[in-house]
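K.L.:
This is the structure I have questions about; it appears just below.
Nothing in this text is a laboratory measurement; each read-out follows from the coordinates by a stated rule. This structure is a prediction, so every number in the text was calculated from the model and none was measured. Cβ placement follows ideal geometry from the backbone for every residue including glycine, while neighbour counts extend to all protein chains displayed.
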Amino acid sequence: MRILVLGGTSEARALAAALVDRGVDVVSSLAGRVTRPRLPVGEVRIGGYGGVEGLRDYLREGALTHVVDATHPFATTMTAHAVAAGAAEGVPVIRLARPGWSEHPDASSWHWVEDYAQARTRVESLGRRPFVTTGRQTLGHFAAWRDHRVLVRVVEPPSDPLPPRWTTVVDRGPYAVEEERRLLAGHGVDVLVTKDSGGTYTAAKLTAAAHVAVPVVVVARPAAPAGLHETPTVQGTLDALGL
Ligand code: NAP
């Protein structure tokens with residue numbers, strides 16, 4: 001058994017640790033987007049494969065027996081590539097994806113939207129000073145807010161300069177409710193826009209927003225590929241692997 005864990009998430013790191021603990025041969029894979037990534041234990045490789053064909057070569061040449069796609073719920077390209085490459089090479093693919101925030105106690109009060117274009121118009125109807133936490137790669141969708149006072153939080157600084165009226169916070173959590181409440185209040189935020197990442201690292205902002213009556217716009221998760229074996233937990237993944 002040799003397992004490729006497609007990572008970049010806390011769940012992927014937890015899975016790598018559990019596999020290393022059990023003496024399983026595992027290699028964790030990161031995209032290489034973050035300058036100082038939190039590294040999983042065990043063997044790690046960094047960088048893309050060059051599409052489905054490159055991943056197929058990697059699976060074949062490395063004699064991988066299983067792939068666990070534990071990438072972020074919004075990393076849809078990598079998931080699609082894993083499914084395609086696994087099917088072509090006869091390597092089973094298991095999806096480890098943390099639950100979304102739809103069961104959060106405040107979820108019914110949020111403004112759920114399907115995509116970033118909808119998020120933009122909904123935010124515009126709700127406030128003038130947004131807090132954007134949808135990720136560096138999504139900021140282009142909000143370029144029309146050039147002259148607004150926008151608070152942006154990203155893990156990695158954007159490669160292109162952001163508009164001068166925007167304030168950028170570079171941070172990656174985990175966050176506490178009180179610090180999030182202070183951040184919202186300190187910047188006069190009147191609407192929060194995020195995506196349904198799920199998990200605990202970044203959930204405090206949702207509770208903080210409720211405390212200070214800031215409306216929340218949430219981009220819903222993209223659908224997972226049909227037929228993919230999906231589990232929300234590390235234990236579920238180990239069970240699926242027969243470990
Ligand atoms: P994506 O759009 O689904 O993937 C774009 C390309 O990046 C893939 O085709 C692949 O390049 C490469 N790639 C992605 N994940 C990889 C991995 N784990 N190992 C090796 N190559 C990988 O991905 P993304 O949304 O940019 O996310 C990139 C990474 O950041 C993922 O690992 C994800 O888990 C993590 N992350 C993403 C988000 C988010 O909001 N999207 C949030 C937190 C963490 P090739 O085609 O060349 O193989």
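K.L.:
What shape does segment 37-80 take by its C-alpha gyration tensor, where a ≥ b ≥ c are the square roots of the eigenvalues and a/c under 1.5 counts as rounded, a/b above b/c as prolate, and the rest as oblate?
P.N.:
Values: a/c = 1.65, a/b = 1.11, b/c = 1.49.
Oblate shape, in that a/c is at least 1.5 and b/c is the bigger or equal ratio.
K.L.:
Between Val41 and Thr231, what length in nm is gained on full extension when 0.36 nm per residue of separation is reduced by their alpha carbon distance? Present the calculation step by step, with values, prior to reporting the outcome.
P.N.:
On the way: separation 190, 0.36 × 190 = 68.40 nm, distance 2.16 nm.
Roughly 66.2 nm would be gained on extension.
K.L.:
Report, in debye and to the nearest 20, how large the dipole of segment 84-236 comes out about its Cα centre when Lys and Arg carry +1 and Asp and Glu carry -1 on their Cβ. Intermediate values should be presented prior to the final figure.
P.N.:
Values: 17 positive and 16 negative charges, 81 e Å.
I would put it at about 380 debye.
K.L.:
What ranking do 8-15, 182-189 get when scored by the average of other Cβ atoms within 10 Å per residue, highest first? Can you show the working numbers first?
P.N.:
Working: 8-15: 22.0, 182-189: 15.6.
Most protected by this proxy first, the peptides run 8-15, 182-189.
K.L.:
A further question on this structure: Which FRET efficiency value, to the nearest 0.05, do you get for Asp239 and Arg182 by plugging their Cβ-Cβ distance into 1/(1 + (r/R0)^6) with R0 = 51 Å? Walk me through the numbers on the way to the answer.
P.N.:
Numbers: r = 41 Å, r/R0 = 0.81.
Using R0 = 51 Å, I get an efficiency of 0.80.
K.L.:
Something else about it: If amide H atoms are built 1.01 Å from N in the plane of the peptide, which residues on other chains or at least 5 residues away come under 5 Å of the amide H of Ala224?
P.N.:
Amide H neighbours of Ala224: none.
K.L.:
With runs of 4+ DSSP H residues as the only contributors, calculate the mean residue ellipticity of the chain at 222 nm using -39,500 (n - 2.57) per run, divided by the residue total and rounded to the nearest 500. Spell out each step's value before the answer.
P.N.:
Working: 7 runs with 73 residues, N = 243.
Result for the chain: -9000 deg cm²/dmol, rounded to the nearest 500.
K.L.:
Give me the angle, in degrees from 0 to 90, between the Cα long axis of helix 116-126 and the longest principal axis of the Cα atoms of the chain, rounded to the nearest 10.
P.N.:
30
K.L.:
Using only Cα atoms, figure out Rg for the chain and give it as a multiple of 2.2 N^0.38 Å. Working shown, then result.
P.N.:
On the way: Rg = 19.1 Å, N = 243, 2.2 N^0.38 = 17.7 Å.
Expressed relative to 2.2 N^0.38 Å, the Cα Rg reads 1.08.
K.L.:
Ok, one more. List the residues, sorted by chain then number, that are 5 or more residues from His229 or on another chain and whose placed amide H is less than 5 Å from its amide H.
P.N.:
Arg95
K.L.:
Which value in nm describes the separation of the simple spin-label points at Ala223 and Ala88, placed 7 Å from the Cα toward the beta carbon?
P.N.:
Taking the two extended label points, one gets 2.4 nm.
K.L.:
Sequence-distant or interchain residues sharing an amide H contact under 5 Å with Val150, placed H: which?
P.N.:
Trp166, Thr167
K.L.:
Between Val170, Val150, Val217, where does the largest GNM mean-square fluctuation fall for the chain, given springs only between Cα atoms within less than 10 Å?
P.N.:
Val170
K.L.:
Please give the contour-minus-distance gain from Thr121 to Tyr201: 0.36 nm per residue of separation, less the Cα-Cα distance, rounded to one decimal in nm.
P.N.:
Details: separation 80, 0.36 × 80 = 28.80 nm, distance 2.71 nm.
Fully extending the segment from Thr121 to Tyr201 adds 26.1 nm.
K.L.:
A follow-up question, please. Whole-Hz ³J(HN,Hα) for each residue in segment 43-56, computed from phi via Karplus 6.51 cos²θ - 1.76 cosθ + 1.60 with θ = phi - 60°, x for glycine and proline: what do you get?
P.N.:
Ordered by residue, 3J(HN,Hα) equals 5, 9, 10, 10, x, x, 9, x, x, 4, 4, x, 5, 4 Hz.
K.L.:
Mind ranking 32-42, 227-237 by how tightly packed they are, going by the mean number of other C-beta atoms within 10 angstrom, highest first? Working shown, then result.
P.N.:
Working: 32-42: 14.1, 227-237: 15.6.
Averaged packing, sorted descending, gives the order 227-237, 32-42.
K.L.:
For segment 39-176, what are the per-bin percents of Cα-Cα distances with bins 10 Å wide, up to the bin holding the maximum?
P.N.:
That works out to 9, 29, 29, 23, 9, 1, in percent per bin.
K.L.:
Using the Karplus curve 6.51 cos²θ - 1.76 cosθ + 1.60 with θ = phi - 60°, work out ³J(HN,Hα) for each residue of segment 159-166 in order, rounded to whole Hz, and write x for Gly and Pro.
P.N.:
So the Karplus estimates, Gly and Pro as x, are 6, 9, x, 8, x, x, 7, 7 Hz.
K.L.:
Take the alpha carbon gyration tensor of segment 3-65, find the square roots of its eigenvalues, order them as a ≥ b ≥ c, and report rounded if a/c is under 1.5; if not, report prolate when a/b exceeds b/c, else oblate. Could the numbers behind the result be given before it?
P.N.:
Details: a/c = 2.48, a/b = 1.16, b/c = 2.14.
Oblate, because a/c is 1.5 or more while a/b does not exceed b/c.
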